Amino acid sequence: MRDILPPESGRWRRFVGVFVDVVEAAGYGELATPLIEDLGVFVRIGDATDVVTKEMYDFVDKGDRHVALRPEVTASVGRAYAEHRPVPPWKVFYAGPNFRYEKPQRGRFRQFDQVGIEVLGVDDPYLDVEVIALGWEFYRRLGLREVRLIVNSLGEPDDRARYVEALREHFEAAGDALSAQSRETLTKNPLRVLDSKRPDDQQFIEAAPDIADYWSDDARTHFDVVLVGLDRLGIPYEIEPKLVRGLDYYRRTIFEYQGATLDSAQNALGGGGRYDGLVEALGGPPTPGIGFALGVDRTLIACDDEGVFPVEPVQIDVFVVDVTGGLEAVELTDELRAAGFVADRGYDNRSMKAQMKLANRSGARTAVIVGDDELVSGTVVVKALDGGEQHPVPRTDLINHLRREATP
Ligand code: AMP
């Protein structure tokens, strides 16, 4: 877990701001769910996923409730839908931290932020297109160019069940040649063996059956319509027959956005898909859902790697230097801020030289200086910190003067 310091933290806020602009423009409203929920909510993600079995920060609270820090948000959205029964379609977005007890490394942390959207109550394949396109548009707005979109369909639940059986047979035939971890995964969820990055497993993964051969007509049609929609929007995608995703409830369309610059184990910037049954499992009516979650940390690493969406420290407009004790600066910074200028100042009644050094270091364009003479004459000295020219300005005219200077 890390601290995010300024000015990096400002970039995080702008990142969320760009995301909010994109999704609010498509009719999504923010849903804020608690960071802690009943453990049962998250167990619904699927008891064959590492997120649930190994990585959960769960504990018994003082009221003897078994609770957990949320490892993701989709389950909470399903729980909120079941609880509040909003009129579908329910289009929501979220932004905030999640917690997973993973091995920390570049792009993998124990507390990490995600932004995401979920839509509940709509089966339309063109919604899949909207959801995928919004993630794509968000990356475009950040300036990222090297993002790969990969898509697949897990078919209908029956297709998926037949496929899982075929995978089980295929991987069991590999016997001990399969890595020990994958052999264990195989007993719980053969689909997840396809996620293995271990070299031993690669030849068996490549030779594994493709889900496409198990799609029902309905699943195939749904997926075809999604692809037609993506084509219409000119969004480039690759069909990845071996793409599977963690949640047990995923069916039909699934997708992932991959960064070109990250290691393959951490290259998923974000991903999502269609799911069924989640709301029902949480006590609501049968409800189709689709959404995605995008990792903030990893996406910012991708931005650094591509040299886009840079950190931008807040630009200080005016730095007030007061060598008469500091009270004048109290009033001047207050007036300047009220007039809409970003204003900072020197403290501790330090020397002119020391305060001017701070003014220069602050990046401000202008210094406003008050010394004893100015105090007597009711003026301040306005000094351009880039060029260096300076002149006295009546104190009562300071704001207007700075405004005139700011508008070329
Ligand atoms: P998931 O919920 O596992 O599908 O993850 C969605 C996205 O969240 C991933 O593509 C990552 O960008 C991000 N993510 C997941 N786990 C972590 C983690 N431990 N540290 C940083 N980012 C993560």
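The values are calculated or read from the model by the stated rules, or taken from the named source; none is laboratory data. Note that this is a predicted model, so its numbers are computed, not measured. Every residue, glycine among them, receives a Cβ derived from its backbone with ideal geometry; neighbour counts consider all protein chains shown. Calculation scope for accessible area: heavy atoms of the full protein, side chains included, ligands and nucleic acids excluded. Shrake-Rupley method; radii C 1.70, N 1.55, O 1.52, S 1.80 Å.
Per-structure values
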| read-out | value |
| --- | --- |
| Rounded accessible area per residue of segment 1-152, 1.4 Å, Å² | 47 |
| Rough spin-label spacing in nm, given labels placed 7 Å along Cα→Cβ, for ARG404 and LEU233 | 5.2 |
| Rounded accessible area per residue of segment 320-394, 1.4 Å, Å² | 55 |
| In segment 178-274, the trypsin sites (Lys or Arg not before Pro) that fall in loop regions by DSSP, at most 15 other Cβ within 10 Å | LYS197, LYS242 |
| Value at 222 nm in deg cm²/dmol, rounded to 500, when DSSP H runs of n ≥ 4 in the chain each add -39,500 (n - 2.57) | -12000 deg cm²/dmol |
| Selection from LEU375, GLY229, ALA75 lying farthest towards where the dipole of the chain points positive, charges on Cβ | LEU375 |
| Max mean-square fluctuation residue, GNM over the chain, Cα-Cα springs under 10 Å, options SER182, SER351, SER76 | SER351 |
| Net dipole in debye of the chain [+1 Lys, Arg Cβ; -1 Asp, Glu Cβ; about Cα centre; nearest 20] | 760 |
| Cα-based Rg and Dmax for segment 133-250, where Dmax is the largest Cα-Cα distance (Å) | 16.2, 47 |
| Distance in nm between pseudo-label sites at ASP124 and ARG108 (7 Å out along the Cβ direction from Cα) | 3.9 |
| 1.4 Å probe accessible area per residue over segment 266-319, in Å² | 30 |
| Cβ-defined net charge surrounding ASP38, 14 Å radius [Lys, Arg +1; Asp, Glu -1] | -1 |
| Within-13-Å neighbourhood charge of ALA174 [Cβ basis; K, R +1; D, E -1] | -3 |
| Percent of alpha-carbon pairs separated by more than 32 Å within the chain | 48 |
| Carbon plus sulfur fraction of accessible area for segment 1-62, probe 1.4 Å, in percent | 55 |
| Neighbour net charge for ILE235 - beta-carbon separation under 13 angstrom, K R +1, D E -1 | -2 |
| Accessible area of segment 72-127 belonging to carbon and sulfur atoms, whole % at 1.4 Å probe | 51 |
| Carbon + sulfur, % of accessible area of segment 271-408 - ligands and nucleic acids excluded, 1.4 Å | 52 |
